[in-house]
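Encoded as structure tokens, the structure appears first; notes follow it.
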Amino acid sequence: MNRFVVRSVMRGLINGRSYCSGGSVGGELAYRSAIVGRSLQLSGQQNGVTFGGFEWRRMMSSAPASVEKATSEREEKSENPVAGESKGKEVVTSSYWGISRPKITREDGTAWPWNCFMPWETYRADLSIDLKKHHKPKNFIDKFAYRTVKILRIPTDIFFQRRYGCRAVMLETVAAVPGMVGGMLLHLKSLRKFQQSGGWIKALLEEAENERMHLMTMIELVQPKWYERLLVLTVQGVFFNAFFVLYMLSPKLAHRIVGYLEEEAIHSYTEYLKDIESGAIENVPAPAIAIDYWRLPKDARLKDVITVIRADEAHHRDVNHFASDIHFQGKELREAPAPLGYH
């Protein structure tokens with residue numbers, strides 16, 4: 001078969017040169033026909049589908065189409081270099097698979113600048129939530145969770161003192177972990193047991209994403225130092241693994257600890273607001289990402305941002321205490337409807 005392929009290639013090359021020597025339009029067409037016939041004859045040796053004297057092969061690769069597209073783009077750019085440059089600026093990323101984000105605009109018609117969240121994921125925080133609500137420890141697990149959180153707060157108070165911006169950065173890097181761990185484990189459980197989750201997977205992942213957006217906002221306001229970044233890596237690594245094991249052993253204890261952590265977060269953000277109101281911390285303009293995410297007014301300030309973040313923490317407090325109560329009743333989370341969209 002190899003000898004037959006070589007002879008076919010040599011015959012096509014010889015015929016191609018003879019056709020080329022004519023120099024006429026007809027000769028050029030004949031030359032192209034010979035090349036096409038040669039390629040079809042070669043490709044037919046791999047696939048065995050005969051049609052009209054030639055064996056056709058289905059092309060599984062889309063490379064020829066992409067090559068043709070690239071060639072046409074180069075020709076267009078060479079003909080009109082200005083148009084080519086402007087086209088490159090308009091299309092930031094060209095995908096081989098043809099996947100691109102549709103054009104998204106704000107309500108006022110301006111382009112949506114964020115890739116990390118979309119307009120339909122934004123919301124107005126519920127500021128009417130009760131910030132003073134507290135779950136009183138009733139049994140050993142509650143008391144253990146409450147004392148654990150109180151002990152964990154001691155080194156945080158010593159290290160950050162009243163630097164609430166840096167404290168918030170550290171707090172959010174930790175607060176975004178439990179929702180992700182819980183959602184991931186519930187996801188695996190749902191796959192393993194062929195059960196619905198009752199919406200709790202999405203609810204916990206929403207919580208994790210909301211906490212991450214808190215961090216993205218705080219980073220616009222505070223730039224942590226190198227040793228604070230190192231501390232974040234250490235604390236997050238330890239906390240993730242510890243919480244993972246804890247959730248595997250006792251989800252009700254894990255959710256109760258998170259509920260008490262959120263209560264402490266409410267207290268920290270309340271102290272942050274007091275320093276802003278007293279003038280100890282400058283009430284700077286709100287970052288653009290916060291204005292779009294919480295649908296704040298264009299003239300929103302830092303005080304407005306901290307207020308909505310504190311409200312989010314209060315909602316997370318309620319969700320986790322609620323989840324823990326479900327487990328204490330001897331039920332699974334899927335047996336109670338999840339508070340979806342309850343930021």
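In this structure, does Ala290 turn out to be modelled with pLDDT of 95 or more, of a type in the set (A, V, I, L, M, F, W, C) and farther than 18 Å from Leu131 by Cα?
Taking the combined requirement at face value, the residue satisfies it.
Going by the conditions given, is Asp304 under 25 Å from the mean Cα position of the chain (by Cα) and either among the polar types (S, T, N, Q) or not in a loop (DSSP other than H, G, I, E, B) (or both)?
So Asp304 does not fit the description; no.
Against the definition (touching a residue at least 12 places away in the same chain (Cβ under 8 Å) and not in a loop (DSSP other than H, G, I, E, B)), how does Tyr272 come out, yes or no?
Yes; evaluated as a whole, the condition is true for this residue.
Give the stretch 301-340 a look and list any residue that's more than 18 Å from Ala290 (Cα to Cα), in contact with an Asp or Glu (Cβ under 6 Å, 6 or more places away or on another chain) and not basic (Lys, Arg), or say none.
Within the stretch 301-340, His316 is the sole residue that qualifies.
Would you mind stating whether Trp200 is of a type outside the set (Val, Ile, Thr) and open to solvent by 70 Å² or more (accessible area, probe 1.4 Å)?
no
The values are calculated or read from the model by the stated rules, or taken from the named source; none is laboratory data. What you see is a predicted model; the values in this text were computed from it and never measured. Don't worry about glycine lacking a Cβ; one is built from the backbone with ideal geometry, like all the others, and counts go over all protein chains shown. Calculation scope for accessible area: heavy atoms of the full protein, side chains included, ligands and nucleic acids excluded. Shrake-Rupley method; radii C 1.70, N 1.55, O 1.52, S 1.80 Å.
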